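Worksheet: one structure, shown below.
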Amino acid sequence: MEFKNTLYTRRSVRKYTEQQPDKSTILTLLDAATQAPSATNSQPWCFAVIQDRVLLKNYSDRIKTYLLSILDTHPSLLKYKPLLEKDNYDVFHNAGTLLIIYAKPKGPFACGDCCLAAQNIMLTAHDSGLGTCWIGFAQDFLQKPDIKQELNIPAEYTMVAPLILGYPATQAKPLIKKKPEILYWKK
Ligand SMILES: Cc1cc2nc3c(=O)[nH]c(=O)nc-3n(C[C@H](O)[C@H](O)[C@H](O)COP(=O)(O)O)c2cc1C
């Protein structure tokens, strides 16, 4: 796909087929992630891949329970209460693959570097006919020390980006993006 077309047609995908991306496809995406720029070329990223549907369902259930338990202190989540209460709502949109990007403790820019790596994954995936969606709902949960321990992630690493991945079951609708808001431009 032409780069501009890839950039402008990528959409978050929330409906997937049963087909799992294979290992070489995922390794290609992780390799694309590592092409991102990083502060002082520190390349602070590392990855986890979960393709176990039972574990993903278990995590989705626990995430919903967790998010519902913090509604009192997180009013911004209140609008999601009806969704989170639905038995059949899966925070991972029933995707069979979750890619997680972690930042090693390598200075103040490590999380930003990992976000750039995440964007490389999302664009490369779209360019190869795959869909992705960043799952912010999973963020706090995956950052918990006991969950990192479950996944063999060193405690000092920061969970930055949980990305679901799979083959889109439907074509995502185009989305109109806001025009750039330019606050200052001195000539
Ligand atoms: C940091 C971040 C967190 C997000 N969290 C979620 C999420 O928990 N669930 C979800 O379905 N989409 C999530 N999204 C996807 C956004 O809703 C989506 O990017 C936005 O609506 C714009 O649509 P587009 O990605 O198709 O351009 C998240 C995106 C970002 C960047």
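The values are calculated or read from the model by the stated rules, or taken from the named source; none is laboratory data. Note that the coordinates shown come from a computational prediction; the quantities given were computed from them, not determined experimentally. Neighbour counts are summed over all protein chains in view; Cβ atoms, including those assigned to glycine, are modelled from backbone coordinates with ideal geometry.
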*Inside region 10-27, can you point out the residues that are in a helix (DSSP H, G or I) and surrounded by fewer than 15 Cβ atoms within 10 Å (Cβ to Cβ)?*
K23, S24, L27
_Set L56, L77: member being touching a Gly at 6+ places or on another chain (Cβ under 8 Å), within 16 Å of the ligand (Cβ to nearest atom), on the phi < 0 side of the Ramachandran plot and without any contact (Cβ under 8 Å) to a residue 60 or more places away in the chain_ = L56
_Number of positions in region 18-44 that are within 18 Å of the chain's Cα centre (by Cα), touching a residue at least 24 places away in the same chain (Cβ under 8 Å) and more than 16 Å from the ligand (Cβ to nearest atom)_ = 11
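Hey, among K64, K79, which residue is at pLDDT 95 or above, in a helix (DSSP H, G or I), over 29 Å from I26 (Cα atoms) and not acidic (D, E)? Let's see the steps before the verdict.
Details: K64 fails: over 29 Å from I26 (Cα atoms).
After applying the criteria, what remains is K79.
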*Under 7 Å between Cβ atoms, at least 6 apart or on separate chains: pull out the pairs that start in region 90-112 with a residue that is within 18 Å of M122 (Cα to Cα) and end on any residue that is of a type in the set (K, R) and more than 13 Å from the ligand (Cβ to nearest atom).*
G96/R53
